[in-house]
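The values are calculated or read from the model by the stated rules, or taken from the named source; none is laboratory data. Keep in mind the model is a prediction, meaning the values are calculated, not measured. Glycine also receives a Cβ, built like all others from the backbone with ideal geometry; neighbour counts cover every protein chain displayed.
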């Protein structure tokens, strides 16, 4: 008998008349009280719903009744809300990693950091302060596939639900990405889709922009092209060099990444084509 | 037979188990399809819901069935969505009024401006360009009550649903406000509750703030204290004089007022105590 | 004898030791008081300075002494501050044009709108309310060059200092742009360099962005590539359709364009390569 | 012989004709090249200037010549730019402290954290990770003056230039504040001057605001009233409880505090009455 005070039900499937009615009917008959309900129907006719409710219930019985009541093709997740297990990938920059470590240390991340993977050992001293395993997997003298092979073996130990690229400056192969569909989250240091690819702050400086930004997104196999979860921006002016923009940008990057992770880890993000739906 | 493509149902009352279920059941039995549904339960246990749905139905029959299905104490509004009738109040500043006139002229206001009332005749030439009646009701040589008496008689001609104070620089009497409960919307030229009262930009300058703002709110009988509908801000620095801040602030004021009116006129705003709920 | 209370001196040229010293020395010997002085040296070694000062002086004598004191290659503009003459270009959308007309009508634009040019007659009624000439130059049945020829003849009457493209949806030919170097200002309905070209809100929707923006920039002969003067942004979410984003974006566009024009018309913008320096 | 590549000269005093000319003349005669010069004259006639320049010079000779050339009453600081020494004060919340510790650990703070002082021992484990002395000075069973007496003795060991109140939830006595004029910086968890005093997020929730903020300011002897250095804000809505607002607000607080400290530690902040001038 699940007995926590707050439960979450997630639904995803083709739109149909009566979906909200059918689901809320099952909950009502189980004497469960809805605290918050949010739904979205995409232009292509896909239905997404996230329901928070209170009460005591039998997990299996509730799911069974829901599936019987709903049309086929609807996917349900009951009560996924708990801490996610993640592995964080970094290269040399510390700001996003440090932000995650501090939040983790004070139980504010909604996730457990199982390990940190890096192609440099630069950040090992920082990670060790927090008692988390650090795996240094250099890319030097290895093909991309060879390095990823080592990483995959490491990940096999931890079985993380999500990989968080917290300024990991290597492009992942399609094969690697395919292992983790919609489970890799990246922070890109620009306001996508502006300045795709390398050196975005250099590009931003050369273009003379007056605002810089950062974008947290799921990784798919088109470079910097997966569904965007969160973005934020900051004003700059002509006195900012490319290096100044990079410095200012770090504050935006780490906060945007944290906000995106909070949404994902609280099961508030659905994926609809190349768009992220935040309920 | 109502036959528009999109309908709105608004609910407001004490929270109870099954409210969403009961309402969506009635809609389902009438073969109506919910496009968007948003609800909120306040900490004090009040339930608010806004439902957009599609289909053809008999207005009276639907409302009757809803009232029979729901517990007593729930207030319903079916399909209030249409243009609101408003009267705009101004003093001498044109920026908010001009914004509303332009939007009205191009059918972007979701309201009809029936008339403009002012305690000065400064803006009469602007209003006349748009073919709208302008009522100059000077406050000179009159008590507050006497001036408001004239205004009330003018309003009686138009029977507006909302009064919009678009930089009307007179404080209304409690008696006047009581005629229009939750139907008067004001734009205050500060980020409330900072700088309540007169000369907020002067106050902001003296305090050396780095950000200024504007607040659109319902008017009740505590000065600058009604439910806040929308707010926005803008960065300033030490080079901005109080006059510069006022100039910069105008751009914020007119946009915030327009955004707040859009929410109200689209029936997306509920009032819960001194807080505005935007669904 | 110029005798206004506040004067402006603009300098632009190769950097050299002592430039500020030499200029301020000339002003000091003429008993003039500097109120505000701002300068910038670009990474490529170009010096830009904008000086506001008070006092009475002989224009010719002051300029002569400045040129004698400064190294060759420095360009000076003394006291350009006054209203600029502009012609506004539009197509069918009214929001930016209306913003400029209202500001002009209330003497807040720092410019005189001499005329409005459009490839449609849609906005003629709006323009006529403000007593400004409207030139309808259709592009139908004409080559781009033929249409521009007609426009150039119209502009020859007015001799405007700046052309403002307030949602003019035609790409100008290089030959036309060459007539007005750094004198054409455009508002682009996206956060450049994201979504260059047509239908940026459609592109933004398809990409699932969480923030939209607008960019005011000088026009050169690379599409959407001239120096950026001002940018601003607004949050959106998955519920915004492409049309909703366009509606929300209009508020950003008109304010950004107005802010950029204010900077340009107050002689606060210098051009350094493809970057705009705002002093 | 000072020989660093970039030097800073700060000036502060009554405005006078020729001040910029006189200073830049001295620099020119010493063959020094100004990279950036920014000045401000307050409405009350006070002159502030910050000059960055390059070159080699004799410190004493330069200062002497500057003082001889300038009118009396001008205060000069030559080349203060170096790391500041600071002591950080905290209570139980970690987010601002952690932000400073991480920046310090990666040499991004422009300051050395000599010690952390707290009225609780909650954050000792965090501080110890970074090898910084932690002084637990409980207020229990002590008068305010007694507790501050202990703190003052501790500070006497370190002789810090600045005290940073990184969520220190005790009001300091006027006597304590007088020991550190314009040298105590506080982060206040609201958009001052809204919600002065305790529980600002509770106040913000009750008032139903749509934007929350944070303010970094110098501490003087009027509660929450010293010169404001930096402010920032974040949108909230009716779904945010007071606790949610507090959580969201933490991200704003720590970034605003860091930005304010960067300005102060880089000698870019002057104080003019109750206003902070950022050059």
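Select from the range C:135-166 the residues that are touching a residue at least 60 places away in the same chain (Cβ under 8 Å) and in a loop (DSSP other than H, G, I, E, B) and write down the one among them that is nearest to residue C:251 (Cα to Cα).
C:166
Can you pull out the residues in the range B:32-42 that are within 8 Å of chain A (Cβ to nearest Cβ) and under 30 Å from residue D:241 (Cβ atoms)?
Passing the criteria: B:34, B:35, B:36, B:37, B:38, B:39, B:40, B:41.
Somewhere in the range A:114-121, is a residue more than 22 Å from the chain's Cα centre (by Cα), within 30 Å of residue D:100 (Cα to Cα) and outside the structural domain of residue A:16 (by TED's automatic domain parsing)?
Yes, the conditions are met somewhere in the range A:114-121.
How many residues are under 20 Å from residue D:17 (Cβ atoms) and buried (at least 18 other Cβ atoms within 10 Å of the Cβ) if we restrict to the range C:12-54?
Qualifying residue count, the range C:12-54: 20.
Take the residues of the range B:206-225 that are in contact with a helix residue (DSSP H, G or I) (Cβ under 6 Å, 6 or more places away or on another chain) and closer than 21 Å to residue C:233 by Cβ: which is surrounded by the most Cβ atoms within 10 Å (Cβ to Cβ)?
B:216
Inspect all residues belonging to the range B:80-95 and state whether any of them is without any contact (Cβ under 8 Å) to a residue 40 or more places away in the chain, in contact with a strand residue (DSSP E or B) (Cβ under 7 Å, 6 or more places away or on another chain) and within 12 Å of another protein chain (Cβ to nearest Cβ).
No, that holds for no residue.
Within the range A:1-29, track down each residue that is in contact with a helix residue (DSSP H, G or I) (Cβ under 6 Å, 6 or more places away or on another chain) and modelled with pLDDT of 90 or more.
If the condition is that a residue be in contact with a helix residue (DSSP H, G or I) (Cβ under 6 Å, 6 or more places away or on another chain) and modelled with pLDDT of 90 or more, then A:18, A:20, A:21, A:22, A:24, A:25, A:26, A:28 are the ones that fit.
Looking at B:187, B:228, which one is within 11 Å of chain D (Cβ to nearest Cβ) and either within 30 Å of residue B:153 (Cα to Cα) or surrounded by fewer than 18 Cβ atoms within 10 Å (Cβ to Cβ) (or both)? Talk me through it step by step, then tell me what you get.
Values: B:187 fails: within 11 Å of chain D (Cβ to nearest Cβ).
So the residue among B:187, B:228 that is within 11 Å of chain D (Cβ to nearest Cβ) and either within 30 Å of residue B:153 (Cα to Cα) or surrounded by fewer than 18 Cβ atoms within 10 Å (Cβ to Cβ) (or both) is B:228.
Could you please find all residues in the range D:235-250 being farther than 18 Å from residue A:235 by Cβ and not in a loop (DSSP other than H, G, I, E, B)?
Listed by number, the residues that qualify are D:242, D:243, D:244, D:245, D:246, D:247, D:248, D:249, D:250.
Each row is one residue, and each column tells you yes or no for (1) part of a strand (DSSP E or B); (2) free of Cβ contacts under 8 Å to residues at least 24 places away in the same chain.
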| residue | (1), (2) |
| --- | --- |
| C:191 | no, no |
| C:205 | no, no |
| C:212 | yes, no |
| C:222 | no, yes |
| C:233 | yes, no |
| C:257 | no, no |
| C:263 | no, no |
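Across the range D:120-134, what is the total count of residues that are within 10 Å of chain A (Cβ to nearest Cβ) and in a strand (DSSP E or B)?
So the answer is 0.
Confirm whether residue C:187 is in the same structural domain as residue C:171 (by TED's automatic domain parsing) and part of a strand (DSSP E or B).
So residue C:187 passes the test.
Every residue, every condition in (1) part of a helix (DSSP H, G or I); (2) in the same structural domain as residue D:136 (by TED's automatic domain parsing); (3) modelled with pLDDT of 95 or more, yes or no:
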position	(1), (2), (3)
D:65	yes, no, yes
D:73	no, no, no
D:89	no, yes, yes
D:101	yes, yes, yes
D:104	yes, yes, yes
D:108	no, yes, yes
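Show the residue pairs that are 6+ apart or on different chains and have beta-carbon atoms under 7 Å apart, the first residue being within the range C:16-31 and facing chain D (nearest Cβ under 7 Å) and without any contact (Cβ under 8 Å) to a residue 60 or more places away in the chain, the second being assigned to a loop (DSSP other than H, G, I, E, B) and surrounded by 20 or more Cβ atoms within 10 Å (Cβ to Cβ).
C:28/D:18
Against the definition (touching a helix residue (DSSP H, G or I) at 6+ places or on another chain (Cβ under 9 Å), within 14 Å of chain A (Cβ to nearest Cβ) and touching a residue at least 24 places away in the same chain (Cβ under 8 Å)), how does residue D:99 come out, yes or no? Lay out the reasoning, then the answer.
Values: touching a helix residue (DSSP H, G or I) at 6+ places or on another chain (Cβ under 9 Å): yes; within 14 Å of chain A (Cβ to nearest Cβ): yes; touching a residue at least 24 places away in the same chain (Cβ under 8 Å): yes.
Here the answer is yes, as residue D:99 does meet what is asked.
Would you check if residue A:175 is assigned to a helix (DSSP H, G or I), within 12 Å of another protein chain (Cβ to nearest Cβ) and modelled with pLDDT of 95 or more? Can you show your working first?
Values: assigned to a helix (DSSP H, G or I): yes; within 12 Å of another protein chain (Cβ to nearest Cβ): no; modelled with pLDDT of 95 or more: yes.
Here the answer is no, as residue A:175 does not meet what is asked.
Tell me which residues, restricted to the range B:239-261, are closer than 22 Å to residue B:277 by Cβ, more than 9 Å from chain C (Cβ to nearest Cβ) and out of contact with any helix residue (DSSP H, G or I) (no Cβ under 6 Å at 6 or more places or on another chain).
B:256, B:260, B:261
Which condition breaks for residue D:203 when tested against (1) within 12 Å of chain B (Cβ to nearest Cβ); (2) buried (at least 21 other Cβ atoms within 10 Å of the Cβ)?
Only one criterion in (1) within 12 Å of chain B (Cβ to nearest Cβ); (2) buried (at least 21 other Cβ atoms within 10 Å of the Cβ) is unmet by residue D:203, namely (2).
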